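Note sheet for the following structure.
The values are calculated or read from the model by the stated rules, or taken from the named source; none is laboratory data. Computed from a predicted structure; not experimentally measured. Cβ placement follows ideal geometry from the backbone for every residue including glycine, while neighbour counts extend to all protein chains displayed. Please note that ligands, DNA and RNA were not included when accessible areas were found on the heavy atoms of the full protein model with its side chains. Shrake-Rupley method; radii C 1.70, N 1.55, O 1.52, S 1.80 Å.
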Amino acid sequence: MKKKEIPVTGMSCAACAISVEKTLSTSPGVKSASVNYANHVALLEWEEDVVSLEKLQKEVQSTGYDLMIEDVLQEDLEKMQLEAYQKLRKKTLYAGILALPVFLIGMFWMHMPYGNYIMWALTTPVLLVMGRQFFIQAWKLAGNRQANMDTLVALSTGIAYIYSSFNTFFPEYLASKGLEVHVYFEAASVIIFFILLGKTLESGAKAGTGAALKKLMDLQPTDLIVLKDGKEISMKTSEVKKGEVILIKPGQKIPLDGKVLEGSSYVNESMLTGEPLPVLKEKDTQVFAGTINSSGSFTFIAEQVGRDTFLAQIIQRVKAAQGSKAPIQKMVDKVAGIFVPVVLAIGIITFFIWGFSGIEDSWLRGMLALITVWVIACPCALGLATPTAIMAAMGKGAEMGILIKDAESLEKGKSIDTLILDKTGTITEGNPKVIDAIFHESWNESDAALVKAIESKSEHPLAKAISGYFEKSDQKINITDFQSETGKGVSAKYGDDIYRIGTMKWLSSFKVELTGPLQVQSNKALEEGAIVVFVAKNTELVAIFKIADPIKTTSIKAITELKQMGIVIHMLTGDQNKTAAWVAKETGIDHFKAEMLPQDKAAYLKNLQAQGKHVAMAGDGINDSEALSLADLSIAMGKGTDIAMEVAEVTLVHSDLSQIPKTLHLTKKTVTIIRQNLFWAFIYNIIGIPVAAGILYPTFGFLLNPMIAGAAMALSSVSVVTNSLRLRK
């Protein structure tokens, strides 16, 4: 089974996307197909041994569209889209230049000599050159018994053009029957112009919904320098293979993921991690594509290339999310799928109702009403309502470091009322650090250097925390007879003195006593749930270290904001109860459970859901994956495990709790925008089609002009896209 995003060309409305999707979905060997009109991409999953892409392409081509099955570089695709947009702009400009005099003659100087012939001469290229794609596409669709917006445009303008052309060259026919000879060249030409203008504005606006994704793509440089046999060779980033050595000079963007071999420099990783301060990169440290080197120079070995880099995975996730469909879109797709046939039927019924009404020029008025109904009915607004909002929201989320898996996840966020938080790595930093140290009055710099030297030889996380506490100590001391006792501590000799670092129970076996101020401080630290490590010099206790996993600086503010939003917060952790209680107290969390196993977290979450709660879960570890998979909305920390991120529907690249309220705000705002878009798209058609059919004529004598209908149709699509773009703010 293979899955791929494939660009689709030739689509002009939502009904087109439905048509392509139906063609692909019903093909043998295709497991799933989803076509997004907003970004003109088909997300296809198929069995290669059953059906080939070439065969699927031919099936799509038979319906008047095309699949770009050949791999196209993003920059080439963008170039093609830009060329198509520029071509559309030219068509619109030329159509406007020709349609303007037709409009003026038809509205104000209709009795000028040879006026009808002039309008015919100007209207013909508007329809057959600038608007020819509408007729070509409508003809192809008719051959497959399908219809879309092109069908409506081609029929309405075609009828107006043919009727007007007949009256221009054979005016005596209607005159002989006592009927007034009318031409509607201005309607045909202006409708084509307005529809082209609407498409031009729509294309320009839709390009804005992908701006954030383009920013992500621009982070990766296209060229780099590879070192081979001591020589610097310029290569394309896409051509580099794993294991090649890449040279990074001052100010350059890092093109791929890898590990530093030689040299050192500070690298700005804010675009991926959100951390504003540059990070020191030296031998054996990781570097990531899209980050920016500062003043130093170094070489690194490429470990992840192409689509495997961290940046590329982010881009792929955003693209997949933008192309996904929200549950509400399924309803819209059903409506769009039957919309055009229904409108065609309404237009024909309108024509006959007018024709048999018995009023003056009844059939002529019926024809105008039919044209107006077909022109004003626009499935584009319906088709764009949801995907443009989703594209804008996904892009904005990516800019903020919030990666949303799909449109369904985006829609879920609006109903969340309960949030479960893991402690370690989610609320806290996930790295134990010395948060306080109390020393005996005899303590000196030599003791600090000795403790650092001893702990530097240990691999224990607590030892790393203590040695890190003395990182500024540069005094070099050589210790001897280093020993480590698992679960107890470490010891070493320096001259005639023996230093021991570990638990108080272990030190007591060497006649070390805990008394005085150090005892008071250690008891207090233990009550707060901290880990206490003791240091003895021979039989004298000289220091205690209070070690804990620090609460992230943004966690308290984020939790406060979430509570203000009405979200009830629960903290679940496998840590001891005292530690959990201290963290809950410091952060203002009212509900917490400690010493929880993975299955306990899952059971706790299920219990909340059984009470009718809509539960989101945020975590970063393998032990959170079961609960994450059960949550209504699962959120993973970007610095957590791959398993947690794979299960989660939202990944916070910055591993910052303050992004959760932003995520929930974004989901609620997006759903609001989608509902607004759908409301206006439906209202537009509910009001517009009856007015176009002439419902106001019996009471008010008002009959909508087809030209105004064309302008209104174009405006509906543009207004929906513009409303979606508000999410970018």
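Brief remarks on what is shown
- Restraint check, 90/662; 281/452; 3/423; 90/668; 433/476; 524/593, Cα-Cα greater than 32 Å: 90/662; 3/423; 90/668
- Each residue of the range 114-125 was assigned a 3J(HN,Hα) from its phi angle through the Karplus expression (A = 6.51, B = -1.76, C = 1.60, θ = phi - 60°), giving 6, x, 5, 5, 5, 5, 4, 5, 7, 6, 4, x Hz with x at Gly and Pro.
- Given their separation in residues at 0.36 nm each and the Cα-Cα distance between them, residue 581 and residue 97 gain 166.8 nm when the chain is fully extended.
- Separation of alpha-carbon centers, the range 114-132 and the range 418-493, rounded to whole Å: 85 Å
- On the beta carbon distance between residue 86 and residue 25, with R0 = 25 Å, the FRET formula returns roughly 0.15.
- The accessible area of residue 107, taken with all protein chains in place and a 1.4 Å probe, comes to roughly 80 Å².
- Loop-located trypsin sites (Lys or Arg not before Pro) in the range 566-613 (DSSP state other than H, G, I, E, B) with a sparse environment of at most 12 neighbouring Cβ atoms within 10 Å are absent.
- Within the range 86-161, the trypsin sites (Lys or Arg not before Pro) that combine a DSSP coil assignment with at most 10 other C-beta atoms in a 10 angstrom radius are 145.
- With R₀ fixed at 45 Å, the C-beta to C-beta distance from residue 439 to residue 564 puts the FRET efficiency at about 0.60.
- Here the Debye sum runs over all C-alpha atoms of the range 489-591 as equal scatterers in vacuum, and log10 of I(q)/I(0) at q = 0.14, 0.15, 0.25 Å⁻¹ comes out as -0.66, -0.71, -1.27.
- Trypsin sites (Lys or Arg not before Pro) restricted to the range 390-481 and DSSP loop, no more than 15 other C-beta within 10 Å: 457, 472, 476
- When all protein chains stay in place and ligands, DNA and RNA are ignored, the 1.4 Å accessible-area order of 683, 479, largest first, is 683, 479.
- Size check on the range 405-542: the Cα extents along the three principal axes, sorted descending, read 69, 32, 27 Å.
- Positive-end residue of 401, 473, 450, charge dipole of the range 359-498 with Cβ unit charges: 401
- For the range 135-168, the residues whose backbone nitrogen is under 16 Å from a point 7 Å from the Cα of residue 110, taken along Cα to Cβ, are 160-161, 163-168.
- Amide hydrogen proximity for residue 266: with H placed 1.01 Å from N in the peptide plane, the residues at 5 or more positions away or on another chain lying under 5 Å are 281, 294, 295, 296.
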